[in-house]
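Everything on this sheet refers to the single structure shown next.
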Amino acid sequence: MDLNYGSQYEDFKIEVQDFCKEWHGINFSDAAKTPMSQNFESNGKTIKRSEWQSILIEKGYTARSVPKEYGGYGGESDIIKNRIIATEFSNAKIPSAMGGQGIDMLVPTLLELGTEEQKKQYIKPTLRGEMIWCQGYSEPNAGSDLASLQTKGELIDGNWVINGQKIWTSTAQFSQMMFCLVRTEPDAQKHAGISYILIPMDTPGLEIRPLVDMTLKPGFNEVFFTDVTVPESNIIGKRGEGWAVANATLGHERGALTDPNATMNRVNSLINRMKKETIDGKRLIDIPVYRDKLIAIQAKVTAFQSNSLRVLSSKINKGQDTKIAGMIQKLVGTELRHELEGFAVDIMGELGTLYEDSPNLRDGGSWQFLYMYYLGLIIGGGTSQIQKNIISERGLGMPREPKVQGN
Amino acid sequence: MYFGLSEDQKFFQENVSKFLEDQSNLDVIRKITEGEANEIQQEIHDGLVNLGLGSLLIPEQYGGLGLDLLFATAVSQSLGEGLGPIPFAGSYIMAPLAIMHGGNQEQKNNYLTKMSENSMRIGVGFSEYIGARDNANISINDNKISGRALFVIDAKDASHLMLSDKNGMIGIVESSSSGIEITELVAVDKTRNFLEVQLKDVDIDILELTSTSKEAIDKSIDAGRIILAADSLGASQALIDKAVEYSKERKQFNRVIGSFQAVKHMCAEMAADLEPCYALVWHAAHCFDNSPDESRLMACHAKSHVSEVSKTIGKKATEVHGGMGFTDLMGVHYWFKRIGVNRQTLGAPEVIREEAARIQNF
């Protein structure tokens, strides 16, 4: 056991800390309109989101291992440096680099499977936040059973002509592009009939309708395709290889959904809230039942943080077996966060249910919002039940459900 | 950066596991718990002491192996997994640590050397410091100890007893002293023993530093808690392995029951609950060895959280076995009971969580 990153990282850590001091208190003039966008304390320094992104790329604090020719920093991939950057930024409360489906999912996919032209065309503007992407995977009848998707793509005169519908499309309303799974080989077996196609969102025949979720904040959309026509070259990989291409990116998403350090920050906010909040004049932190549950949750989050250190270690030390430790992160991370946010609502009682711009709102209504938001994340990206199938089958070697005929 | 057990630790751990598989299978455990294999139990104990279990933490200058708590934690996992029917947490972890942190030089020379030579073994009774049950009470005055200690661990056949009063003052008495009356308790887990000890004006050797500082008793209890958490971790892993294995063999409705999602999801939940406990327990042991500031809270979290997870696993793993899980034949209950006793020993989860709140000045 050695939890030190090693002396070679000390200089880097100091460099990042200096950077954080220099930029402490910056705020965005054009904050991203996503439900998770945070407000940072401002010291008057204001900057555009895309300018901030460019600065971070230049320093190598994001897009670190993306080659320079595609607009990245062009360095070696270094998990420990990434970790130091994330920790120091979080400690200093300065905004981290942009994420989202374009940067976190599409860019790695293009780097792995895209053509030279596609890499040159898309990666740079995506990294700089000038090109926002959404993901067109799920359909009304293709959720957990994603490979049964039916949105159809036909190759006519050198163009893909696409008809059908996608659902749960986050950020479609802000996006310039979509990466989309389309059935192009109707006669092929289920998984072999899908292609991965890139679609500009302003293509005629493409219609976006907001899908309001339980939080009532802008989030999901439905996207309808009526003879949406894009060039044949907008495909990644070959015809019928879309399932494999998509699986390369789903792996990137599952890791990104749950950050144990962010969860621990919420525990600490909850502790602060419990020190301030009272019932019959008595501080909540002094009430034994609440204390007990708080510490139980703190212990769980601590375990989850330690688990993520172990997973990190297995990425650095080849051959370290932490298969199940990695596999459980989506399930445990989302369920734990939902439990934590829900507990915070409980300790505040009626006050915990206040929402939007209500008088007497606590912490901007974030506890109630995230309590609901995390229920969405428990379902999205592979439901908890699907996660349990994966853990039992791939982690514990238990048999698959017998297949129903015709599937 | 490396988060996990070292090759040495894994190697040692596997040796303990192999030893228990060979010498202490379920049939042997059954006989031991029925009180019909005292000699075999002593042989198992001697065998494991020969492997070094008795002196893991004792510094080399006193003849021990001078290893750290993480090492002992790895060993404890194996003991839990294999139901090791020997004293460990009390005699070989808590007692030497209390002496190392609370004894003066003469006491260290005397006790630690004898312990590493295996000519002295100590049972530990700190329950009255953590939270006295049934009005048990220990008072120490003028190097004499009186009162009653409950749930003294690893104390059967021990040459000495280490006891504490409410203030964390620790002393050592000879088990054979006049004025000591020992009663064996019958806990649900019979792979280890728990005693009630009554004392009347018995000569006691106070560990010198403990009359003014609680550091020794806190260190000792923190370590004991981490070791018990590791024991439950190992026992829980054994239960998951058994449940998964059984579910792949047992057929109903012309299918192995492990192909039903209801069963698969129970197993996945057990694995998802337990997996972070490895990281938590090792991290807690690492903090104990390297960062004393975090160590008390981490020990509390490890013990209370693993206790909760193990309790659930004890239930679910039994259920996966169906009616057979409820029988003595299948033996699942030995791990269920070991987990049950670990949970209450050195502080039940609620007791420990209150302590964790105080450590953080809540």
Strands (runs of 3 or more DSSP E) wholly inside segment A:159-228 that include at least 2 residues being more than 25 Å from the chain's Cα centre (by Cα): A:159-167
Lone qualifier among A:Glu232, A:Glu207, A:Glu222 - being farther than 16 Å from A:Leu106 by Cα and in contact with a Lys or Arg (Cβ under 7 Å, 6 or more places away or on another chain): A:Glu222
Residues that are facing chain B (nearest Cβ under 8 Å), in contact (Cβ under 8 Å) with a residue 40 or more places away in the chain and touching a Pro at 6+ places or on another chain (Cβ under 8 Å), drawn from segment A:321-336: A:Ile328, A:Val332
Qualifying positions in segment B:312-330 - of a type in the set (A, V, I, L, M, F, W, C) and away from chain A (no Cβ under 13 Å): B:Ile313, B:Met324, B:Phe326, B:Leu329, B:Met330
Residue match in segment B:294-311 (condition: of a type in the set (Ser, Thr, Tyr), surrounded by fewer than 24 Cβ atoms within 10 Å (Cβ to Cβ) and either at the interface with chain A (Cβ under 9 Å from one of its Cβ atoms) or more than 18 Å from the chain's Cα centre (by Cα) (or both)): no
Residue pairs meeting the criteria (Cβ under 8 Å; at least 6 apart or on separate chains; first assigned by TED's automatic domain parsing to the domain that holds A:Gly136 and surrounded by fewer than 20 Cβ atoms within 10 Å (Cβ to Cβ), in segment A:96-121; second assigned to a helix (DSSP H, G or I) and basic (Lys, Arg)): A:Leu111/A:Lys119
Contacts under 7 angstrom Cβ, first residue in segment B:64-78 being under 14 Å from B:Asp222 (Cα atoms), partner among the small types (Gly, Ala, Ser), 6 or more apart: B:Leu69/B:Ala223; B:Leu69/B:Ala285; B:Leu70/B:Ala285; B:Thr73/B:Ala230; B:Thr73/B:Ala285
Cβ pairs under 7 Å, 6+ apart, first in segment A:350-379 and free of Cβ contacts under 8 Å to residues at least 12 places away in the same chain and assigned to a helix (DSSP H, G or I), second among the polar types (S, T, N, Q) and surrounded by 14 or more Cβ atoms within 10 Å (Cβ to Cβ): none
Exclusive hit being at pLDDT 95 or above and outside any helix (DSSP H, G or I), set B:Leu346, B:Leu329: B:Leu346
A:Leu155 being surrounded by 16 or more Cβ atoms within 10 Å (Cβ to Cβ) and farther than 30 Å from A:Arg83 by Cα: no
Matching residues, segment A:385-398, being facing chain B (nearest Cβ under 7 Å) and either within 17 Å of B:Val256 (Cβ to Cβ) or of a type in the set (Phe, Trp, Tyr) (or both): A:Asn389, A:Ser392, A:Leu396, A:Met398
Strands (runs of 3 or more DSSP E) wholly inside segment B:127-192 containing at least 3 residues that are out of contact with any helix residue (DSSP H, G or I) (no Cβ under 7 Å at 6 or more places or on another chain) and surrounded by 14 or more Cβ atoms within 10 Å (Cβ to Cβ): B:144-153, B:160-164, B:170-174
Subset of segment B:193-223 [under 30 Å from B:Leu20 (Cβ atoms) and assigned to a strand (DSSP E or B)]: B:Phe194, B:Leu195, B:Glu196, B:Val197
Hits in segment B:2-21 (condition: of a type in the set (Asp, Glu) and farther than 27 Å from B:Ile32 by Cβ): B:Glu7, B:Asp8
Meets criteria (farther than 30 Å from A:Lys217 by Cβ, surrounded by fewer than 19 Cβ atoms within 10 Å (Cβ to Cβ), over 21 Å from the mean Cα position of the chain (by Cα) and more than 7 Å from chain B (Cβ to nearest Cβ)) for A:Glu401: no
When residues of segment A:277-302 are limited to those that are more than 8 Å from every other protein chain (Cβ to nearest Cβ) and in contact (Cβ under 8 Å) with a residue 40 or more places away in the chain, the one surrounded by the fewest Cβ atoms within 10 Å (Cβ to Cβ): A:Ile279
Subset of segment A:50-89 that is of a type in the set (D, E, K, R) and without any contact (Cβ under 8 Å) to a residue 40 or more places away in the chain - its residue that is surrounded by the fewest Cβ atoms within 10 Å (Cβ to Cβ): A:Glu76
Residue in segment B:262-277 that is in a helix (DSSP H, G or I), more than 11 Å from chain A (Cβ to nearest Cβ) and surrounded by fewer than 22 Cβ atoms within 10 Å (Cβ to Cβ) present: no
Residue that is nearest to the other protein chains (Cβ to nearest Cβ) [pool: residues in segment B:331-362 that are without any contact (Cβ under 8 Å) to a residue 60 or more places away in the chain and of a type in the set (Lys, Arg)]: B:Arg353
Matching residues in segment A:303-319 - criterion: being within 7 Å of chain B (Cβ to nearest Cβ), surrounded by fewer than 17 Cβ atoms within 10 Å (Cβ to Cβ) and without any contact (Cβ under 8 Å) to a residue 40 or more places away in the chain: A:Asn317
Pair list, Cβ under 6 Å, 6 or more apart: segment B:235-246 residue away from chain A (no Cβ under 12 Å), other residue hydroxyl-bearing (Ser, Thr, Tyr): B:Ser236/B:Ser310
Failed criterion for B:Tyr2 (all others in (1) in contact (Cβ under 8 Å) with a residue 40 or more places away in the chain; (2) within 14 Å of another protein chain (Cβ to nearest Cβ); (3) not hydrophobic (A, V, I, L, M, F, W, C) hold): (1)
Of residues in segment A:73-111 being out of contact with any helix residue (DSSP H, G or I) (no Cβ under 8 Å at 6 or more places or on another chain), of a type outside the set (Gly, Ala, Ser) and in a loop (DSSP other than H, G, I, E, B), the one modelled with the highest pLDDT: A:Glu76
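The values are calculated or read from the model by the stated rules, or taken from the named source; none is laboratory data. Given the structure is predicted, the values throughout are model-derived calculations rather than measurements. With ideal geometry, Cβ positions are generated from the backbone for all residues, glycine too; neighbour counts draw on all protein chains shown.
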